[in-house]
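First up is the structure itself, then whatever we jot down about it.
The values are calculated or read from the model by the stated rules, or taken from the named source; none is laboratory data. Note that the structure is a prediction, hence the values are computed from the model and not measured. Cβ placement follows ideal geometry from the backbone for every residue including glycine, while neighbour counts extend to all protein chains displayed. What goes into the accessible areas is simple: the full protein's heavy atoms, side chains included, and nothing from ligands, DNA or RNA. Shrake-Rupley method; radii C 1.70, N 1.55, O 1.52, S 1.80 Å.
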Amino acid sequence: MIAKYLRAAYEGIVRGGRRTFLALLGIAMSIYLVLSLVAIGSGVQTQIKEQVTAIGSDVVGVSSTSPTEENDINTGQLLNGLSLPTLTLDDVAVITRQPTVTSAAPIRYLSGDIRYGSRSTSPTFLAATTSEYPSARGEVELAEGRFFEAEEQDNDIPKVVIGPATKDALFGERGAVGKKISFDERDLEVVGVLEPINSVSVGATANNLDNVLYGPPNLVGDVEQRNLYSLVLAKVSPTSAVDETAATIKSELSKQRASDTFIVATESDRLNTSQTILSVLAAFIVIIGLITVVISGIGVMNVMVLSVTERTKEIGIRKTVGATAKHIFNQFLIEAVILSALGGALGIVLAVATVYAVRQFAPISPELTPQLAGMGLLLSLVTGVVFGISPALSAARREPIEALQTDRS
Amino acid sequence: MGGDRQSLAAPQTSPGALQLEFVSRNYMVGKNLVKALQPTNLVIEQGDFVAIMGHSGSGKTTLLNILGLLDVQSDGTYSVHGTDTAQLSQVERARLRRDTFGFVFQNFNLLERYTVLQNIELALMYQKVSAKAARQLAYDLLRQLGLSGKAEARPHQLSGGQAQRIAIARALINNPPIVLADEPTGNLDIEAANEVIGLFKALHAKGTTIVMVTHSSEVARSASRIVHMQSGRVISNEAVS
């Protein structure tokens, strides 16, 4: 019987022509949208997680959280959504004094263009830090050159390390080490280039984590601002508990500054924050996707309602030759489900092609798993059932004699 | 599936009768009550060939629809082979209709999107018959009717006589004991009408009960009994001499 229903459904769909094809396309587009967004979102989520964890599970971050009244708020200080830099070298000293902390490096984010000849770029992170940064950060790998040394921090010409995207933007294929670049009308000397990291963006763009510059504290031109930082990274010794160290740092820092002016965060805290944001984003994506599925489902229902109306006489004839209401219901419901499933299958094919293309041409890796594709197909089937029930019921309830008297077959 | 199913041989189900006792049918048209069929008593025995005649609006098609379980009486008792149809569920009515009746209509009621062969097979879709067996049965029946060359044609490619013969084939593929025909020659020329009546005579000769609504006295004379209707009532029920 199922084979007979499938055959009838196939004939019904083929007969529907362009109208049915458009409904099928609607389902395909909605499933495609859902799968693509979820796949891309999932890929981005994984990469952000990798980047958060790349800082290291044994690194505690201390961030300043609120501006002080004495400081002006400007875009440079509020770079990348961070608060005004209010952490001082005294705070860094408190952190460094903790016996479980092996090293600590303060960071102050700046903004502006850096130049080499006629070329320029605006790094995603342009940071003033200390020579302790590599040891505090944990995993800083250099493609060429070295990080600046402690005794070089007060040099008139600050020695800096740049990211690979920054190097490409300024020097292309040529070597960067030893070259003089400029920032804020001051000369800087490149002493090292970082290895590339996994990044969600390409080129010297505003969110490429390979487009960075790290320099000493005297990158900050304003001497009064020079020893104020927005972040301190503290590496915890391998034998010590990170959470306990974070608690100790919080306790000790609270003795010399208000506890609501800084945040101490471990990797799990950072992950939780990013996961919370990404979860909201994922929920938003799913809601948008479901709305499109509902809209396309209404399209399927519309086509099926028209189909039932146009085939009223056929329903009468089928009932005359022995079809029960259940037979008619099944026939039209299966037709709606097959229509939706074909749309879902097309959507999956398009999503797979898109994921492939994105992987080829963009630095993100969307994750379209077989389970996700299966969910897409299931969603299309459910859409067919939900939006096919009403037209199928309408068809099943037609009285044979009334159906036969219509002029539509 | 026996080879007899697709032939014009006698039906295999046991003989029985259609019996109406005070059966009436009323409709509401707007606020007006229309008495399409006045309380009617009628018995049709297995093997009868009954012609129902009357003017338009006399209630003959209403009677035929009730006989074929396509419509439900407003009042009275209608029994098919002794089964009171009022006691049947929708599904049971559909099954009884499928197993008992074959329908032939004035306008053929063939599905334009299906081929001739598929139209005939349609009646087997709701039975436990494989697609392959259904195809074979339909083809054999088509061959007996001399229309095997039209198997893949669409209904609009057929003449009126051919289309009605296809409709008859569809009515017969279930091997029903009773064929109900509503003006089967109404849209046909004389030659095609004679072909159709010839088919009915052959079926009747082999034991199939035929109930046929017609306007034509000449066609009605092919039957063994003529029921005359007027204003929703049976006014005569006489054997053809």
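Return the residue satisfying two criteria in turn: it lies in the range B:84-108 and is at pLDDT below 90 and within 15 Å of residue B:181 (Cβ to Cβ), and of such residues it is farthest from the chain's Cα centre (by Cα).
Of everything passing the filter in the range B:84-108, B:107 is farthest from the chain's Cα centre (by Cα).
I need a count of the residues in the range B:122-156 that are within 10 Å of chain A (Cβ to nearest Cβ), surrounded by 15 or more Cβ atoms within 10 Å (Cβ to Cβ) and at pLDDT below 90.
Residues flagged as within 10 Å of chain A (Cβ to nearest Cβ), surrounded by 15 or more Cβ atoms within 10 Å (Cβ to Cβ) and at pLDDT below 90 within the range B:122-156 amount to 8.
Give me a count of the residues in the range A:137-186 that are surrounded by fewer than 20 Cβ atoms within 10 Å (Cβ to Cβ), closer than 27 Å to residue A:267 by Cα and in contact with a Leu (Cβ under 9 Å, 6 or more places away or on another chain).
5
Go through (1) at pLDDT below 90; (2) buried (at least 24 other Cβ atoms within 10 Å of the Cβ); (3) charged (D, E, K, R) and name the single condition residue A:310 misses.
For residue A:310, the exception is condition (2).
Among the numbered criteria (1) surrounded by fewer than 18 Cβ atoms within 10 Å (Cβ to Cβ); (2) in contact (Cβ under 8 Å) with a residue 24 or more places away in the chain; (3) more than 25 Å from residue B:63 (Cβ to Cβ), which single criterion is violated by residue B:215?
Only one criterion in (1) surrounded by fewer than 18 Cβ atoms within 10 Å (Cβ to Cβ); (2) in contact (Cβ under 8 Å) with a residue 24 or more places away in the chain; (3) more than 25 Å from residue B:63 (Cβ to Cβ) is unmet by residue B:215, namely (3).
When the range A:355-374 is examined, which residues are found to be in contact (Cβ under 8 Å) with a residue 24 or more places away in the chain and part of a helix (DSSP H, G or I)?
Those that are in contact (Cβ under 8 Å) with a residue 24 or more places away in the chain and part of a helix (DSSP H, G or I): A:355, A:358, A:372, A:373.
May I ask you to say which residue of B:130, B:58 is free of Cβ contacts under 8 Å to residues at least 12 places away in the same chain and over 21 Å from residue B:208 (Cβ atoms)?
B:130
Of everything in the range A:103-136, what is out of contact with any Leu (no Cβ under 8 Å at 6 or more places or on another chain) and assigned to a strand (DSSP E or B)? Give them in sequence order.
A:103
Count, please, the residues in the range A:119-129 that happen to be open to solvent by 20 Å² or more (accessible area, probe 1.4 Å) and farther than 16 Å from residue A:176 by Cβ.
2
Can you name every residue in the range A:304-333 that is within 13 Å of another protein chain (Cβ to nearest Cβ) and among the β-branched types (Val, Ile, Thr)?
Within the range A:304-333, A:312, A:315, A:317, A:320, A:321, A:324, A:328 qualify.
Run down B:189, B:99 and say which single residue is within 14 Å of chain A (Cβ to nearest Cβ) and of a type in the set (D, E, K, R).
Details: B:189 fails: within 14 Å of chain A (Cβ to nearest Cβ).
That would be B:99, the only listed residue that is within 14 Å of chain A (Cβ to nearest Cβ) and of a type in the set (D, E, K, R).
Say we look at the range A:240-251 and pick out the residues that are of a type outside the set (Val, Ile, Thr) and closer than 10 Å to residue A:95 by Cα; which of these is surrounded by the most Cβ atoms within 10 Å (Cβ to Cβ)?
A:246
Within the range B:61-99, how many residues are of a type in the set (D, E, K, R), surrounded by fewer than 17 Cβ atoms within 10 Å (Cβ to Cβ), touching a residue at least 24 places away in the same chain (Cβ under 8 Å) and farther than 27 Å from residue B:198 by Cβ?
Matching residues across the range B:61-99 total 1.
What are the residues in the range A:252-280 that are open to solvent by 90 Å² or more (accessible area, probe 1.4 Å) and in a helix (DSSP H, G or I), if any?
Result: A:260, A:272, A:277, A:280.
For the subset of the range A:105-123 comprising residues that are in contact with a Gly (Cβ under 8 Å, 6 or more places away or on another chain) and polar (S, T, N, Q), which member is farthest from residue A:165 (Cα to Cα)?
Within the range A:105-123, the match that is farthest from residue A:165 (Cα to Cα) is A:111.
So, residue A:345, is that one away from chain B (no Cβ under 14 Å), within 30 Å of residue B:124 (Cβ to Cβ) and of a type outside the set (Val, Ile, Thr) or not?
no
Can you report the number of residues in the range B:34-91 which are among the small types (Gly, Ala, Ser) and touching a His at 6+ places or on another chain (Cβ under 9 Å)?
Step one: filter the range B:34-91 for residues among the small types (Gly, Ala, Ser), giving B:36, B:47, B:51, B:54, B:56-59, B:68, B:74, B:76, B:79, B:82, B:86, B:89.
Retained after the next criterion (residues that are touching a His at 6+ places or on another chain (Cβ under 9 Å)): B:47, B:54, B:56, B:58.
Residues flagged as among the small types (Gly, Ala, Ser) and touching a His at 6+ places or on another chain (Cβ under 9 Å) within the range B:34-91 amount to 4.
Of everything in the range B:109-121 that's within 7 Å of chain A (Cβ to nearest Cβ) and over 20 Å from the mean Cα position of the chain (by Cα), which residue is most open to solvent (accessible area, probe 1.4 Å)?
B:112
Does residue A:380 qualify as being at pLDDT 90 or above, surrounded by fewer than 22 Cβ atoms within 10 Å (Cβ to Cβ) and either assigned to a helix (DSSP H, G or I) or not assigned by TED's automatic domain parsing to the domain that holds residue A:314 (or both)? Even if it seems obvious, please write down each step before you answer.
Details: at pLDDT 90 or above: yes; surrounded by fewer than 22 Cβ atoms within 10 Å (Cβ to Cβ): no; either assigned to a helix (DSSP H, G or I) or not assigned by TED's automatic domain parsing to the domain that holds residue A:314 (or both): yes.
So residue A:380 does not fit the description; no.
Hey, among the residues in the range B:24-55 that are aliphatic (A, V, I, L, M) and under 25 Å from residue B:201 (Cβ atoms), which one's surrounded by the most Cβ atoms within 10 Å (Cβ to Cβ)?
B:52
Residue-by-condition table, conditions (1) farther than 19 Å from residue A:5 by Cβ; (2) buried (at least 22 other Cβ atoms within 10 Å of the Cβ); (3) of a type in the set (Ser, Thr, Tyr); (4) in contact (Cβ under 8 Å) with a residue 24 or more places away in the chain:
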site: A:286; (1), (2), (3), (4): yes, no, no, yes
site: A:293; (1), (2), (3), (4): yes, yes, no, yes
site: A:296; (1), (2), (3), (4): yes, yes, yes, yes
site: A:325; (1), (2), (3), (4): no, no, no, yes
site: A:341; (1), (2), (3), (4): no, no, no, yes
